[in-house]
Structure formats: C-alpha cells, structure tokens
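Report on the structure given below.
Values in this text are rule-based calculations from the coordinates and carry no lab data. Values in this document were obtained by computation on a predicted structure and should not be read as measured data. Every residue, glycine as well, gets a Cβ built from its backbone with ideal geometry; the counts of neighbours run over all protein chains shown.
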C-alpha cells in the first residue's frame, strides 16, 4: 500500500497491529479520525492512555477494575459462596449479560497451553486455591471454553481442588467443542450455567 504521508503510514501500521484489523480497515479508521474534530481525537487518545496507565486488576478475582477491588466483588448482593472460574474479562461480560448468574468470579488470565508456552504458573490459579482455602466458598463453577486448552485447564484446576471441601462443577455442554465462551449466545450460555453438572460426572470412567 502506497502512502502519501509518513504520518498516515505510521498511524495505519499501528492500527493494523490490532487483532482482526488489516491495513484496509486500519486506513479507513485512520481517515475517519482525520475527519473528526481535534477535541474528539484528543479524547480518544486520552481514553487509551488512561486505559493503559490507570487500569488495574481486582485484588480478589483478578478481573479488570478501576479500583483495588472490583464492583462485583464489593457488591453485597452477590453470592460469595459461588465462584465462577473464567478465562478472561470477556467471559465475565458474556456471563453477566445472561442475567442468570449472581455469584462472583475468578479470572485465570488465560488457559494452559504448552504449545504457546503457557503453564499453570502463568495463570491466576494459586490465588483461586487460596480463596477456597480461606473458607466461605461452597461451589466452584469451571466455565472455560470447550477447547483442548480449556479442558486441560479444567482438569488441572480440578486436580488442585478435589481434596478441598468445595463442590466442583462445570457448565453443561450446550456449547459445541471448540466453542469459546464469549461467542456463545446469551440463552445457551445462561442455560449451560443453570444446568451445570458435577465435574466428576463429565470424566470418562
């Protein structure tokens, strides 16, 4: 792609580094910004800068938060006896949109994937174990994507938790193998959580 401006080229190259954004889409986005008032572009830039500099992770559940403890964890109406374990913030948002879950969460920050060099120590598993050992947790729902990496992570977490006094369940397989939580429609996801089963029942005997 030939550019008439080095500044334009640099901006397009930066946008094209985003997931799913090719150079044509990046060019369209950059040209759109060029046609906006300066204050709008400055506000856009400031929002990204603040996102990077000020965002933090909840000290309890590891979800993205503006404060040391997120709004879900501080909400006294949530059932703290129930922890839903998910891969990342996108899954929290997907489950919240179902309006079928009133417990709290634990965000692992990824899935075990030896091919990508991601092992258990790179994930927020130890803090989950700590929450269970501290007491007050009756059930852990393992709500991870129906992929090889998701199943591997579920099995590892189950092995770490199985000797602790907590019920361990997994969402019902209304989600096809290979499906990711964030892309599942709200009705199917909500039913999968509501009809969850003990994890032991899903193991091949």
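Compute the angle between helix 148-161 and the longest alpha-carbon principal axis of the chain, please, reported from 0 to 90 degrees and rounded to the nearest 10.
40
Using 0.36 nm times the number of residues separating residue 90 and residue 43, minus their current alpha carbon distance, what extension gain do you get?
Working: separation 47, 0.36 × 47 = 16.92 nm, distance 2.42 nm.
Between residue 90 and residue 43, full extension yields an extra 14.5 nm.
Could you order the peptides 26-37, 132-143, 159-170 from most to least packed, using the average number of other C-beta atoms within 10 Å per residue? Each step should come with its number before you reach the end.
On the way: 26-37: 13.2, 132-143: 17.4, 159-170: 15.1.
Ranked from most to least packed, the peptides come out as 132-143, 159-170, 26-37.
Which whole-number percent gives the relative contact order of the chain, counting Cα pairs below 8 Å spaced six or more residues apart? Spell out each step's value before the answer.
Details: 273 pairs, mean separation 31.1, N = 205.
Across the chain, relative contact order equals 15 percent.
Can you give me the three principal axis dimensions of the range 6-54 from its C-alpha atoms, in Å, biggest first?
29, 24, 18
When all C-alpha to C-alpha distances in the chain are sorted into bins of 10 Å, what percent of pairs does each bin hold, rounded to whole numbers?
Computed distribution, short to long bins: 8, 28, 29, 19, 12, 4, 0.
Starting from the Cα of residue 71, step 7 Å along the direction of its Cβ; do the same at residue 139; then give the gap between the two resulting points in nm.
Computed distance between label sites residue 71 and residue 139 equals 2.6 nm.
Give the shape of the range 55-105 as rounded, prolate or oblate, defined through the alpha-carbon gyration tensor: a ≥ b ≥ c are the square roots of its eigenvalues, a/c under 1.5 means rounded, and otherwise the shape is prolate if a/b is larger than b/c and oblate if not. Don't skip to the answer; put the middle values down first.
Numbers: a/c = 1.74, a/b = 1.21, b/c = 1.43.
Judged from the Cα gyration tensor, the range 55-105 comes out oblate (a/c at least 1.5, b/c at or above a/b).
Pop a pseudo-label 7 angstrom from the Cα along the beta-carbon direction at both residue 148 and residue 163 and give the gap in nm to one decimal.
3.0
Quickly estimate the mean residue ellipticity at 222 nm for the chain, helices only: each DSSP H run with n ≥ 4 gives -39500 (n - 2.57), and the total goes over all residues, rounded to 500. Please list the in-between numbers first.
Details: 9 runs with 86 residues, N = 205.
After summing the helix terms and dividing by residue count, I get -12000 deg cm²/dmol.
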